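Visitor: Take this structure, written in structure tokens, and hold onto it; I'll ask about it next.
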Amino acid sequence: MRLTKEFRQQYSQQEMRTHGRKNGFVTTGQEARLLHWLPLIGLPKEKTLRDANIPEGSPVVMEIGFGNGDFLVQQAQLHPDWILVGAEIYLPGVAKAVARLEDAGVVERTRITQLPAQFVMEHQVSAESLDGIFINHPDPWPKKKHHKRRIIQKDFAALMVTRLKPGGFIKLASDIEDLAEWMREILDQTPGLQNMAGDAGYIQRDADRVTTKFEERGNHAGRQSHFLHYQKIVTN
């Protein structure tokens, strides 16, 4: 079924312009679980991570654009000490992810926001509070006139650096070569970041990395994924 109008009015952000899909299909059970969990783990626009009851000393890692939650679930399972913050504007994806997180027994170690990543970074995340950021297979917006919609822009890259702790990481993946080069060029030139692949530019795929839905689509289409790893430089 599609999410009801009343449900979308209650949980979809309305004030900020976003691009891409706005509605889709979920099961009755997924909608019910979303209704249960969002009041407990959700980050509405008036809240910040400081208000999110995160245990003191816990590493906090964010995934921007978590889709249906496959990668978020895997990271929670691999790193039981982490608090995972997921940002995703596609509400049906959030519903599916919350159900998967609950099934895996890790939902209480996540915090979910449905707001645009720029707003989240600027208003919900404080300086030097994140241990890491994942961005997996973001929308490539292939038409040149739409490149300004791509998530990695110079201003956003600089903002991410301010939100990372010294030594914190940014890891990205894309199966679109043009987008991978776009992200690499911007991040290589962003002050405060070091490309951990050095001159090679890209790292090898992490051995324990789950194959997400979007990576699998790229594989079926014959496209090779590219992986980037940056670290915030520690200064004395």
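Visitor: Just name the residue that is surrounded by the fewest Cβ atoms within 10 Å (Cβ to Cβ) out of those in the stretch 103-115 that are under 10 Å from residue 41 (Cβ atoms) and either modelled with pLDDT under 90 or charged (D, E, K, R) (or both).
Guide: 108
Visitor: Does residue 41 satisfy the criteria of being farther than 20 Å from residue 165 by Cβ, β-branched (Val, Ile, Thr) and either out of contact with any Pro (no Cβ under 6 Å at 6 or more places or on another chain) or modelled with pLDDT under 95 (or both)?
Guide: Working: farther than 20 Å from residue 165 by Cβ: yes; β-branched (Val, Ile, Thr): yes; either out of contact with any Pro (no Cβ under 6 Å at 6 or more places or on another chain) or modelled with pLDDT under 95 (or both): yes.
Taking the combined requirement at face value, the residue satisfies it.
Visitor: State whether one or more residues within the stretch 216-234 are under 23 Å from residue 156 (Cα atoms), hydroxyl-bearing (Ser, Thr, Tyr) and either part of a loop (DSSP other than H, G, I, E, B) or out of contact with any Ser or Thr (no Cβ under 9 Å at 6 or more places or on another chain) (or both). Can you show your working first?
Guide: Keep residues of the stretch 216-234 that are under 23 Å from residue 156 (Cα atoms), which gives 225-234.
Those still in the list that are hydroxyl-bearing (Ser, Thr, Tyr) too: 225, 230.
In the following step, the residues that additionally are either part of a loop (DSSP other than H, G, I, E, B) or out of contact with any Ser or Thr (no Cβ under 9 Å at 6 or more places or on another chain) (or both) were identified as 225.
The answer is yes; a qualifying residue exists.
Visitor: Exactly one condition in (1) surrounded by fewer than 16 Cβ atoms within 10 Å (Cβ to Cβ); (2) closer than 29 Å to residue 40 by Cα; (3) modelled with pLDDT under 95; (4) among the charged types (D, E, K, R) is false for residue 149; which is it?
Guide: Going through (1) surrounded by fewer than 16 Cβ atoms within 10 Å (Cβ to Cβ); (2) closer than 29 Å to residue 40 by Cα; (3) modelled with pLDDT under 95; (4) among the charged types (D, E, K, R) one by one, residue 149 breaks only (2).
Visitor: Within the bounds of the stretch 157-170, is there any residue that is under 20 Å from residue 88 (Cβ atoms) and at pLDDT below 95?
Guide: Looking for residues that are under 20 Å from residue 88 (Cβ atoms) and at pLDDT below 95, one finds none in the stretch 157-170, hence no.
Visitor: Anything in the stretch 167-226 that is among the acidic types (Asp, Glu) and under 19 Å from the mean Cα position of the chain (by Cα)? List them, or say none.
Guide: Keep residues of the stretch 167-226 that are among the acidic types (Asp, Glu), which gives 175, 177-178, 181, 185, 188, 199, 206, 208, 215-216.
175, 206, 208, 215, 216 - these are the residues of the stretch 167-226 that are among the acidic types (Asp, Glu) and under 19 Å from the mean Cα position of the chain (by Cα).
Visitor: Just checking, which of 235, 211 is surrounded by fewer than 16 Cβ atoms within 10 Å (Cβ to Cβ) and in contact with a strand residue (DSSP E or B) (Cβ under 9 Å, 6 or more places away or on another chain)?
Guide: After ruling out the rest, the residue left standing is 235.
Visitor: Given the condition within 26 Å of residue 225 (Cβ to Cβ), touching a Phe, Trp or Tyr at 6+ places or on another chain (Cβ under 6 Å) and at pLDDT below 95, answer yes or no: does some residue in the stretch 124-134 qualify? First the steps, then the outcome.
Guide: Let us first name the residues in the stretch 124-134 that are within 26 Å of residue 225 (Cβ to Cβ), namely 130-134.
In the following step, the residues that additionally are touching a Phe, Trp or Tyr at 6+ places or on another chain (Cβ under 6 Å) were identified as 132.
Filter again for at pLDDT below 95, leaving none.
No: zero hits.
Visitor: Further question: Name the pairs whose Cβ atoms lie under 9 Å apart, with the first residue in the stretch 169-192 and without any contact (Cβ under 8 Å) to a residue 60 or more places away in the chain and closer than 13 Å to residue 151 by Cβ, the second part of a strand (DSSP E or B) and of a type in the set (Val, Ile, Thr), and 6 or more positions between them or separate chains?
Guide: 172/133; 172/135; 173/135; 174/135; 183/135; 187/170
Visitor: How many of the residues in the stretch 43-83 are surrounded by 14 or more Cβ atoms within 10 Å (Cβ to Cβ), part of a loop (DSSP other than H, G, I, E, B) and on the phi < 0 side of the Ramachandran plot?
Guide: Of the residues in that region, 12 qualify.
Visitor: For the stretch 31-42, give me each residue that is farther than 27 Å from residue 138 by Cβ, surrounded by 14 or more Cβ atoms within 10 Å (Cβ to Cβ) and of a type outside the set (A, V, I, L, M). Before you say what the answer is, go through the steps one by one.
Guide: Residues of the stretch 31-42 that are farther than 27 Å from residue 138 by Cβ, as a first pass: 32, 35-36, 39-40.
With surrounded by 14 or more Cβ atoms within 10 Å (Cβ to Cβ) added as a condition, the list becomes 35.
Selection gives nothing.
Visitor: Being among the polar types (S, T, N, Q), free of Cβ contacts under 8 Å to residues at least 40 places away in the same chain, in contact with a helix residue (DSSP H, G or I) (Cβ under 9 Å, 6 or more places away or on another chain) and within 25 Å of residue 67 (Cβ to Cβ) is true for just one of 204, 153. Which residue is that?
Guide: Working: 204 fails: in contact with a helix residue (DSSP H, G or I) (Cβ under 9 Å, 6 or more places away or on another chain).
Selected residue: 153, the only one of 204, 153 that is among the polar types (S, T, N, Q), free of Cβ contacts under 8 Å to residues at least 40 places away in the same chain, in contact with a helix residue (DSSP H, G or I) (Cβ under 9 Å, 6 or more places away or on another chain) and within 25 Å of residue 67 (Cβ to Cβ).
The values are calculated or read from the model by the stated rules, or taken from the named source; none is laboratory data. Keep in mind that this is a model prediction, so the values were computed, not measured. Methodologically, a virtual Cβ is constructed for each residue, glycine included, from the backbone with ideal geometry; neighbour enumeration extends over all protein chains shown.
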